[in-house]
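Below is one structure, written out as structure tokens, with a few remarks after it.
The values are calculated or read from the model by the stated rules, or taken from the named source; none is laboratory data. Please read these numbers as outputs of a predicted model, since none were measured by experiment. Cβ atoms come from the backbone with ideal geometry, glycine included; neighbour counts cover every protein chain shown. Please note that ligands, DNA and RNA were not included when accessible areas were found on the heavy atoms of the full protein model with its side chains. Shrake-Rupley method; radii C 1.70, N 1.55, O 1.52, S 1.80 Å.
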Amino acid sequence: MEIPQAPRQASAGRARQSDLTALTIKADQVEKVFGGDTGVFDLNFEVPAGAIFGMIGPSGCGKTTTVRLLTGLYRRDKGKLWVLGRDPDRFSLRTRERIGYMPQHFVLYPNLTVWENLNFVASLYGMGYLSRRKWLAQALDFVELSDARHRLGSQLSGGMQRRLELACTLVHNPLLIFADEPTAGIDPVLRGKFWDHFRNLRDGGRTLFITTQYVGEAAYCDMVGVMRAGRLLHVDTPENLRRKAFSGEQIQLVVPPAQVYAAAKILMSQPYVADVRRSNDQPGLLVLHVADASDALPLIFNTMSDHPEISVQQADRYVPPFDDVFIRLMEQAEEGHV
Amino acid sequence: MFKPIIRLLSFFSKEVNEIRRQPKLVLSLLLGPFLILLLFGVGYQGERPRLRTVLVLPPQGLGLVNLDDLKRAIDANFELLKTTADANEAAAMLQSGEAEVVETLPADIEQVLASGKQATVTFTYNEINPLNEQWIQYLAYAQVNEINRAVQTKAVQQLQGEVQRAGVQTTYPPEVLVSPVRFEYSNVRGKALDFMTYYAPGVLALIIQHIAVTLGALSLVRERLLGAIELFRVAPVSINQLLLGKYLGFTLFIGIILAALVALLVFTPLAVPFAGDVTTFVAFSLLFTLASLGIGFVISAWASSDSQAVQMSMLVLLMSIFFSGFFLPLENFASPVREIGYALPLTHAISGYQALMLRGHSPSQFAWEVMGIIVVAAFLVVSMLARWRFRQLA
């Protein structure tokens, strides 16, 4: 699948490169209060160029407010913000041309066809009449809507509407893309395709800022911000967030059920093992908490080889699903750890 | 360099595409007004009301007044239901609504006159319509004049007979002595227009204003409810580009509707004349459309929901019917209210279209100037209001 390339960038490689190096988001102590304790507070994060930044958190935690602050739709009350090197409150036309925005709700026109909707958005960004057709066709191909180009907006399914919106977001070949819950309300297969699109865009040099309620999707991001009640709890890579949630990494060790207590006792005494837990669902399964799984695994094998009475059937690094990571991080936040 | 124009035209083509996707709307906008005008032309009689009347005669007879002459005079203005000597029966008919006017003639007019007093003809009615009351009073006045003339003519005839018998020659006929002055009138056009033709330019203007105000009123508020404003604010597009694009799209659409309606009026059996200059008509219509759209956009920027926008458009329509001179002359209103009428584009469009279509004259300088002021003022207000609405998200 080819990512649409606007002519100016396809033909001006040097300019493109400089755009990429300048491309970043930086938030410093940003605050927007709607009254009482509603709003976002003390936002501090950076988004490097050419990365997918995922903002996850429960509904109403402030994800959309953050996107609106970054796109200049909301004015912040405190702090400093730079998007593409500019303050969003004073975006120039040129900066706006480099931004693609996919709002949370379908805002395209039900009485216009897929092609007309896309054409309208392309005109908003000032794309020329003659050169535009090619990029429109490419954007539709990209979201697999070419066959539906003559269908009215009102005749599209929810998933097709979201794909059309994505095409509209990309039609002018933006360098920075804001997508507010792009996968909300669509089936898992389409969600997977959306993330394929996002990765392709990232690989094509774009920076993406994506909010989602599906915390599992955080695993597809290069950087993840975890929000709760208007505050950013963590900003890190998915891998590091896992570590933070479980104070390190986990290893699954399978032994015969009869040997599980003996094995646990041996491993608990090892300095590189922080904790050992027995699985209630699977007899014989132990979950070891270690600082680094790749360092700990050879040590575990060495230790167990000194105890031939224990027969280790399996030992692997365990990667917990991001849902568990998120729940753990939320629990920590409630416990006051963050 | 061309980007601002492309952005402006994006709204233009979007509006055009959206409208053409609604053929029922286009058809109803075209055929609806035409059918309304046709029904008006076919159905409107334009005559004074025929009031159902009971004539109460004195039992002693009328003396000087001839009953047949009187009935003819009454019949010219009233619909004579019954002639009776029973005043109570007539009062009951008036009470029940069977009759609208009871005309009671006095007994022995001759004797009353001989005693040097005026005889009184009484008109009793049970009316709530002020216009009908004015008609009854006017017709009563005209009828009493007729009776007076008949009585005077008969008296003069009798007097002349007596004088002639005494040997004095009289040269003047009694009608000349009774009514020495008469009137004649002539319309330099030959004949006034029929009601349908006279009202056609006004109806056309009313319809065009209503379409423009409604389209404009729904336009911005729908963008806001759809959430598109959020998209526009992030995109490199200005509020003025949005407004101008919409002005352009709707003006084109309304221009097509107007051209089709004028063609239907002029080239069908309705045969409304078009005596004026087409270029002047186009220029004046353009100004009128922009002014009406401006009012619609102001409503749209102000309203919080589409039902509120529709309601406000209907208020503008009502206000236009009352204060534009469409039915009631603007001169009949006291000063502060009259100025409200002058602030409506329809007021100037009616006079302008009538001048252009029916008389072949250009609209007055005042109409051009006020229309221009409304266009500019509405644009400034809507631009300011829309900016405020855009910022409300923040």
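A compact table of results
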item	result
Hey, A:F106 of a type in the set (F, W, Y) and modelled with pLDDT of 95 or more or not	no
Residue ID - least open to solvent (accessible area, probe 1.4 Å), chosen from residues in region A:46-69 that are among the charged types (D, E, K, R) and away from chain B (no Cβ under 13 Å)	A:K63
Every residue from region A:235-251 that is open to solvent by 50 Å² or more (accessible area, probe 1.4 Å) and either in contact (Cβ under 8 Å) with a residue 40 or more places away in the chain or of a type outside the set (S, T, N, Q) (or both)	A:E239, A:R243, A:K244, A:S247
Subset of region A:132-144 that is more than 24 Å from the chain's Cα centre (by Cα) and among the aliphatic types (A, V, I, L, M) - its residue that is surrounded by the most Cβ atoms within 10 Å (Cβ to Cβ)	A:L136
Which numbered condition A:N117 fails, given (1) under 25 Å from B:R222 (Cα atoms); (2) open to solvent by 50 Å² or more (accessible area, probe 1.4 Å); (3) more than 8 Å from chain B (Cβ to nearest Cβ)	(2)
Filter pass, B:E100 being acidic (D, E), open to solvent by less than 70 Å² (accessible area, probe 1.4 Å) and more than 14 Å from chain A (Cβ to nearest Cβ)	yes
Only one of A:S123, A:S157 that is under 18 Å from A:F194 (Cα atoms), among the polar types (S, T, N, Q) and out of contact with any strand residue (DSSP E or B) (no Cβ under 7 Å at 6 or more places or on another chain)	A:S157
Filtered residue count, region A:70-81, keeping only those that are buried (at least 19 other Cβ atoms within 10 Å of the Cβ) and in contact with a strand residue (DSSP E or B) (Cβ under 6 Å, 6 or more places away or on another chain)	5
Complete set of residues in region B:233-246 that are at the interface with chain A (Cβ under 7 Å from one of its Cβ atoms) and either basic (K, R) or assigned to a helix (DSSP H, G or I) (or both)	B:R233, B:V234
Evaluation of B:E184 against (1) at pLDDT 90 or above; (2) open to solvent by less than 90 Å² (accessible area, probe 1.4 Å); (3) assigned to a loop (DSSP other than H, G, I, E, B) (one fails), failing number	(2)
Residue among A:L43, A:L124, A:L112, A:L93 that alone is touching a residue at least 40 places away in the same chain (Cβ under 8 Å) and within 14 Å of another protein chain (Cβ to nearest Cβ)	A:L112
Which listed residue, of B:E89, B:E110, B:E103, is within 19 Å of B:V151 (Cα to Cα) and out of contact with any strand residue (DSSP E or B) (no Cβ under 7 Å at 6 or more places or on another chain)	B:E110
Leading residue by the ranking (nearest to the other protein chains (Cβ to nearest Cβ)) among those in region A:74-85 that are of a type in the set (A, V, I, L, M, F, W, C) and outside any loop (DSSP other than H, G, I, E, B)	A:V83
Which numbered condition A:T71 misses (of (1) under 16 Å from B:K14 (Cα atoms); (2) at pLDDT 90 or above)	(1)
Hey, B:T214 without any contact (Cβ under 8 Å) to a residue 40 or more places away in the chain and open to solvent by less than 80 Å² (accessible area, probe 1.4 Å) or not	no
Helices (runs of 4 or more DSSP H) enclosed by region B:278-394 - at least 3 residues per element that are surrounded by fewer than 19 Cβ atoms within 10 Å (Cβ to Cβ)	B:278-302, B:306-323, B:335-342, B:365-391
Sole residue being more than 10 Å from chain A (Cβ to nearest Cβ) and under 24 Å from B:T214 (Cβ atoms), chosen from B:L51, B:L31	B:L31
Top-ranked residue of region A:146-173 - restricted to ones that are open to solvent by 60 Å² or more (accessible area, probe 1.4 Å), part of a helix (DSSP H, G or I) and out of contact with any Pro (no Cβ under 7 Å at 6 or more places or on another chain), ranked as nearest to the other protein chains (Cβ to nearest Cβ)	A:Q155
Residue in region B:89-142 that is modelled with the lowest pLDDT, counting only those that are over 36 Å from the mean Cα position of the chain (by Cα) and of a type in the set (V, I, T)	B:I109
Residue within region B:108-126 that is open to solvent by less than 70 Å² (accessible area, probe 1.4 Å) and part of a helix (DSSP H, G or I) present	yes
Hits in region A:174-213 - residues which are open to solvent by 30 Å² or more (accessible area, probe 1.4 Å) and charged (D, E, K, R)	A:D187, A:R191, A:K193, A:D196, A:R199, A:R202, A:D203
Some residue of region A:97-104 being over 22 Å from the mean Cα position of the chain (by Cα), within 8 Å of chain B (Cβ to nearest Cβ) and not β-branched (V, I, T)	yes
